[in-house]
Structures are given as C-alpha cells and as structure tokens.
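Working notes for the structure below.
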Amino acid sequence: MPNPTAAILVIGDEVLSGRTREANAYHLAGELTRVGIDLREIRVVPDDHAFIVDALNALRAAHDHLFTSGGIGPTHDDITADAVAAAFDVGIDVRDDARELLENAMAGRGQTATEEQLRMARIPDGATLITNGISGAPGFSIGNVHVMAGVPSIFVAMLAVVLPTLDAGTPRLSREVRFEVGESRIASPLRELAEEVPQLSVGSYPFRDGDVRGTNVVVRGTDPAMVEDAVARLEALRATVGA
C-alpha cells in the first residue's frame, strides 16, 4: 500500500519578498519522511485571501494531508484562519477553549490579552485545536488541513502535537554515495539503475568541495533490502570510475 501524501502551503508576503528565509517546509519534509508520509508539493502564496483559498482547495483535494505555515498571528495581514473558514464554508469566531489557552499562557507571563491578540483565538467552526507550549496561541486542524504558525519554533512544537495523530505509512530510507567525478561520467548507469528498480528514487546532486568536483547520489525507498542492494551497486560503480 502506498504511503499517504502531503503538501505544505507557506503563506506570507515576507517569504515571497525574500525578507524571511523559509524553514518550516524543510523541517516538515524530514519529519514526514521519518514517519512514512510522502511530501509531494510545497507551495508559497502571498497574504491574499483569494490566493490562499484557491491553494487550500486545490492542495487538500490532491493530497491526504495539507499543512499550512503562517498567517495566524494578531495583525491585519494574518488572514489564514479566515481563508480556511471560507474554503470549508464554515463560520469563524473567538472560541472559548482557544481563548482560555491564550489567556492562561499570557497570564503566566504577567500579561493580559488585548483584542488584537484575541484574534489568535478565532477558530473555524468544527476545527480541533493544535496546542503549543511556547506562545499558547493554538493552531487548528479541520478536515485534512493542519493550520500552524509561521514562527519556526512554534511550527516545530505544533507539528510534534499533530504528527502522532495522523495515519502514516512506511518510513522512507535514504542512503548517499559520494562520487568524485562529474554527473556525465555516471549518468548512463544511474539511468539504468532507476529504470531497473522503479520502486526507488535515485537522485544525482553535483557538488564542489574545495578543488574537488563530484556528485552525490542519493537513493531513497521504503524497502531496506532494495536500498542496500542499490547502494552496493553504486559502490561497485564508484570503484570503476574513481572515488
């Protein structure tokens, strides 16, 4: 049975403008690989209601899981929750359990939640809260969509809460073989390997390490025996073309 699939929708003008370096997709990819969910798509959209709704509907229909990052803070351009409610055609308002989480967290820091901060307790009808021990402001899941903060430390905390609740598959193993020759020297045998074992993903990545130009070949798959056999073939190839 194939692994479940996933996508991540990164929301924010700051990512598209280059002001903020995106880290959450990188973290998500590693965690999903670890548990056996295949990340198939990463999409970035601006803080625009129509863009977000369209992307939400497309991605949640195409994949088993959709994760979102960003746009659930207290400011005017944090519109992700409203866009999710629109995509699911449900209402949205400050919810008592979300308010309690937020107010308790702020009280622990000697603060009182303002009206602006209570925007972070606005939850679409029917959603399940995603807690985090950092800010107290929750994310939420609705259908197969998991809506999380853009701040990397909070995204990491929220993902740790969500991931154990999801149906997963077989973890995907990854092994790397380093060749100190250019891609063209090994292109033909790599193509043959990929065609003979279509269950595996065979990736070729050129690098430069000081004066050395070479190629890292990465083999990924869910069958340990197939992965190890492919690695053995690559190591034998390396012996014939040079390290």
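The values are calculated or read from the model by the stated rules, or taken from the named source; none is laboratory data. Note that the structure is a prediction, hence the values are computed from the model and not measured. Here the Cβ is made from the backbone with ideal geometry for all residues, glycine too, and neighbour counts use every protein chain on show. Protein only, heavy atoms only, side chains kept; ligands, DNA and RNA dropped before computing areas. Shrake-Rupley method; radii C 1.70, N 1.55, O 1.52, S 1.80 Å.
Observations, loosely collected:
- Here the calculated FRET efficiency for HIS76 and ALA29, from their Cβ-Cβ distance with R0 = 41 Å, stands at 0.85, rounded to the nearest 0.05.
- Cut-off under 5 Å, modelled amide H: who pairs with ASP47 long-range: GLY12, ASP13
- When both bridge partners sit in the chain, DSSP labels roughly 60% of those beta bridges antiparallel.
- Taking a ≥ b ≥ c as the square roots of the eigenvalues of the alpha carbon gyration tensor, segment 6-62 is oblate, as a/c is not under 1.5 and a/b does not beat b/c.
- If you take the alpha carbon atoms of the chain and fit the smallest convex hull around them, that volume is 158 Å³ per residue.
- Label-to-label distance, nm, for residues given as MET226 and ALA50 (7 Å Cα→Cβ offset): 4.4
- Here each label is just a point 7 Å from Cα along the line to Cβ, and for ALA58 and ASP125 those points are 2.9 nm apart.
- Taking the protein heavy atoms of segment 137-178 in the context of the full set of protein chains, the accessible area attributed to carbon and sulfur is 58 percent at 1.4 Å.
- For the chain: accessible area per residue (Å², 1.4 Å): 51
- ASN216/ASP167 FRET efficiency (R0 25 Å; Cβ-Cβ; nearest 0.05): 0.15
- Label-to-label distance, ALA239 versus THR112, with points set 7 angstrom from Cα along the beta-carbon direction: 7.6 nm.
- Look at the Cα gyration tensor of segment 100-160: its axes a ≥ b ≥ c give a/c of at least 1.5 with a/b at or below b/c, and that counts as oblate.
- Portion, in percent, of the accessible area of segment 2-133 that falls on carbon or sulfur, probe 1.4 Å: 49
- Summary of packing: across the peptides 177-184, 78-85, 54-61, the per-residue average of other C-beta atoms within 10 Å ranks them, highest first, as 78-85, 54-61, 177-184.
- In summary, the helical segments of the chain meeting the span-like criteria, namely a full DSSP H run, a Cα extent along the axis of 24 angstrom or more and a mean Kyte-Doolittle hydropathy of at least -0.5, are 224-241.
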